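These notes are about the structure you will find just below.
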Amino acid sequence: WSAHSNLFPRQIHHQLMKGDPEDLNLLPDFSANQIRVCGITVSQPDEIMHGSTLGWSGWHQQLDLWMRAGFLGRLLDRLFENGFTVCLSADHGNLESIGSGKVNEGVLAERKGQRARIYPNQTLWKRAVADLGGRAKTFGWDAGSNVFFPLYAAGRGAFVGQGERIVAHGGASLDEVLVPWITVRRAGR
């Protein structure tokens, strides 16, 4: 029993799906299972973003191809048919970034992203900044911690090959930290 929403756990469902049309067969029978709240995580748009090597235009073209396969439209139809209010969101935003140079440091960073890297101590953090030697514009952030030393690619830069265009996330730009939240309705309703 959930005191906050007056729903029983069996009335709440979450499902992770890649986003292939056949994934729709994995959806439960909403009415038979009395599901009133359903969260569905669709990974394909994020996978497309991580594989994008042609910047925004390449990402948009791949996303358009995925949309034409019909998964999202059919998923929305199924949710509407079962009386759900549908909201779409994301776990992060994205940014087209231009490579300013790779950071070749092996396993020194605890987390290695294309827009940010996290180091376990200040010594390794300073070494990474020095190794970049001005090739990449970066900035650090004093997290007020002795265990968390982030290094961010500045502006629209990324820690990838010089001039390489990618779509990425993980940095500190507004594009990456603000996420969309929209309510979808059928036309005429």
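Some values worked out for this structure:
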{"quantity": "11 Å beta-carbon shell around Arg165, net charge (K/R +1, D/E -1)", "calculated": "-1"}
{"quantity": "Computed lengthening from Thr123 to Gln162, 0.36 nm per intervening residue step minus Cα-Cα distance", "calculated": "11.5 nm"}
{"quantity": "Protein accessible area in the chain, 1.4 Å probe - carbon and sulfur %", "calculated": "53 percent"}
{"quantity": "Distance between modelled label sites at Trp181 and Leu65, nm, 7 Å Cα→Cβ extension", "calculated": "3.4 nm"}
{"quantity": "Degrees separating the helix 71-81 axis from the principal Cα axis of the chain, which is the longest one", "calculated": "40 degrees"}
{"quantity": "If the convex hull is drawn through the Cα atoms of the chain, its volume per residue in Å³", "calculated": "167 Å³"}
{"quantity": "Amide hydrogen neighbours beyond the local backbone of Thr138, cut-off 5 Å, H modeled", "calculated": "Ala154"}
{"quantity": "On Cα atoms only, tilt of 122-132 relative to the major axis of the chain in degrees", "calculated": "80 degrees"}
{"quantity": "Rounded accessible area per residue of the chain, 1.4 Å, Å²", "calculated": "61 Å²"}
{"quantity": "Amide proton proximity set for Tyr119, modelled H, under 5 Å, gap of 5+", "calculated": "Glu110, Phe149, Leu151"}
{"quantity": "Alpha-carbon centroid distance for the pair the stretch 78-96 / the stretch 1-70, whole angstrom", "calculated": "8 Å"}
{"quantity": "Rounded to 10°, Cα long-axis angle of helix 55-68 versus longest principal axis of the chain", "calculated": "20 degrees"}
{"quantity": "Share antiparallel - DSSP beta bridges, the chain, percent rounded to 5", "calculated": "70 percent"}
{"quantity": "For the stretch 35-52, 3J(HN,Hα) per residue [Karplus equation, 6.51 cos²θ - 1.76 cosθ + 1.60, θ = phi - 60°, Hz, x = Gly/Pro]", "calculated": "7, 10, 10, 9, x, 10, 9, 10, 8, 4, x, 5, 5, 4, 4, 5, x, 6"}
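The values are calculated or read from the model by the stated rules, or taken from the named source; none is laboratory data. Model, not experiment: these values are computed from the prediction. Ideal geometry is used to build each Cβ from the backbone, glycine not excepted, and the neighbour counts take in all protein chains shown. Each accessible area value is taken on the protein alone, full model and side chains, heavy atoms only, with ligands, DNA and RNA left out. Shrake-Rupley method; radii C 1.70, N 1.55, O 1.52, S 1.80 Å.
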